[in-house]
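The next block holds one structure in the form of structure tokens; read it before the comments.
The values are calculated or read from the model by the stated rules, or taken from the named source; none is laboratory data. Note that this is a predicted model, so its numbers are computed, not measured. Backbone-built Cβ (ideal geometry, glycine too); neighbour counts: all protein chains shown. Only protein heavy atoms, including side chains, enter the accessible area calculation; ligands, DNA and RNA are left aside. Shrake-Rupley method; radii C 1.70, N 1.55, O 1.52, S 1.80 Å.
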Amino acid sequence: MVQTPDGYLYFGTFNGLVRFDGKKFVVFDLKNMPGLPNVGVVNLHLSPKGSLWVSTIGGLAHLKDGHWRTFG
């Protein structure tokens, strides 16, 4: 679990990445984030500059300034 500078909490699960804003949960999976390398999240890392790295079974996803980039 990590908290990004914008206040969101992110949780890694084996069924996708989960974001919590204090009121509701949003699950990112292959349906609503087709670029996600795999739904099996194994590690989350917050960089010193506040960007989120998501390690999955199939590769990496990176969230910076509200934009996702994936690496297979």
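Things to note:
- Accessible area (Å², per residue) of the chain, counting only protein heavy atoms and a probe of 1.4 Å: 65 Å²
- Normalised by the number of residues in the range 1-54, the mean separation of alpha-carbon contacts (under 8 Å, six or more apart) gives a relative contact order of 32 percent.
- Element breakdown for the chain at a 1.4 angstrom probe: carbon and sulfur atoms account for 55% of the accessible area.
- Debye equation applied to the C-alpha atoms of the range 8-72, log10 I(q)/I(0) at 0.16, 0.21, 0.29 Å⁻¹: -0.45, -0.80, -1.45
- The range 18-60: trypsin sites (Lys or Arg not before Pro) in DSSP loop, at most 12 other beta carbons within 10 Å: K23, K24, K31, K49
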